[in-house]
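The values are calculated or read from the model by the stated rules, or taken from the named source; none is laboratory data. Computed from a predicted model, the values in this text were never measured in an experiment. Because the Cβ atoms are built from the backbone with ideal geometry, glycine has one as well, and the counts that use them run over all protein chains shown.
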Amino acid sequence: MIRPIGPGDRDQYIAMCRDFYSGNAVSHPVPEEYFGRAFDEMTTSTAYLEGYILEDGGQTAGYMLFFQSYSQEAGGAFAFLDELYVKPAFRGRGLGREALAFARAQVDSGRWKRVRLEVTKENGRAAGIYRRAGYSSLPYEQMYIGE
């Protein structure tokens with residue numbers, strides 16, 4: 001089951017963020033205070049960030065975060081699947097595929113023209129799951145300035 005993150009999910013969400021940012025899915029750590037800021041943002045407004053809890057058998061099994069924007073290249077609104085995390089005890093049960101199907105449904109419904117995501121080279125297992133779900137690589141490097 002996939003449901004929106006709610007105010008009662010704070011402690012579990014922050015614990016999962018700690019785990020996510022200590023693994024090979026990310027290239028660098030972020031300050032823990034950012035987890036709380038993101039949680040506050042997505043539980044007071046979905047203008048910038050939407051968060052979802054993945055559940056399996058009534059237990060919290062992971063989370064995913066989307067932010068949305070507009071892309072001339074995509075021809076409309078798009079979302080970036082910023083984080084997708086499944087707790088180790090729940091991996092291999094199809095929750096990642098379910099989360100990606102949820103993202104696909106947003107495109108198929110016309111809500112977003114495109115969903116993008118990023119994956120580190122060290123996280124080949126996830127990249128394989130994304131490819132099997134229909135994701136393609138873009139031929140450019142992403143760059144940034146600031147935090």
Pairs needed: first member in the stretch 62-87, more than 25 Å from Asp11 (Cα to Cα); second member anywhere, of a type in the set (Ser, Thr, Tyr); C-beta distance under 6 Å; at least 6 residues apart or different chains.
Ala77/Tyr70; Phe78/Ser71
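Quick grid of which residues meet (1) small (Gly, Ala, Ser); (2) in contact with a strand residue (DSSP E or B) (Cβ under 8 Å, 6 or more places away or on another chain); (3) under 17 Å from Leu117 (Cβ atoms):
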{"residue": "Phe39", "(1), (2), (3)": "no, yes, no"}
{"residue": "Leu84", "(1), (2), (3)": "no, yes, yes"}
{"residue": "Arg91", "(1), (2), (3)": "no, no, no"}
{"residue": "Arg104", "(1), (2), (3)": "no, yes, yes"}
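Suppose we keep only residues that are among the aromatic types (Phe, Trp, Tyr) and at pLDDT below 95 within the stretch 20-66. Which one would you say is nearest to Arg91 (Cα to Cα)? Even if it seems obvious, please write down each step before you answer.
Here is the first cut: in the stretch 20-66, the residues among the aromatic types (Phe, Trp, Tyr) are 20-21, 34-35, 39, 48, 52, 63, 66.
If we keep only those that are at pLDDT below 95 as well, we get 20-21, 48.
Details: Phe20: 13, Tyr21: 17, Tyr48: 28 Å.
Out of the qualifying residues, it is Phe20.
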Under 6 Å between Cβ atoms, at least 6 apart or on separate chains: pull out the pairs that start in the stretch 112-141 with a residue that is under 16 Å from Leu81 (Cα atoms) and end on any residue that is among the polar types (S, T, N, Q) and outside any helix (DSSP H, G or I).
Thr120/Ser27; Asn123/Asn24
Of the residues Tyr52, Tyr34, Tyr13, Tyr70, which single one is among the aromatic types (Phe, Trp, Tyr) and within 15 Å of Phe102 (Cβ to Cβ)?
Tyr52
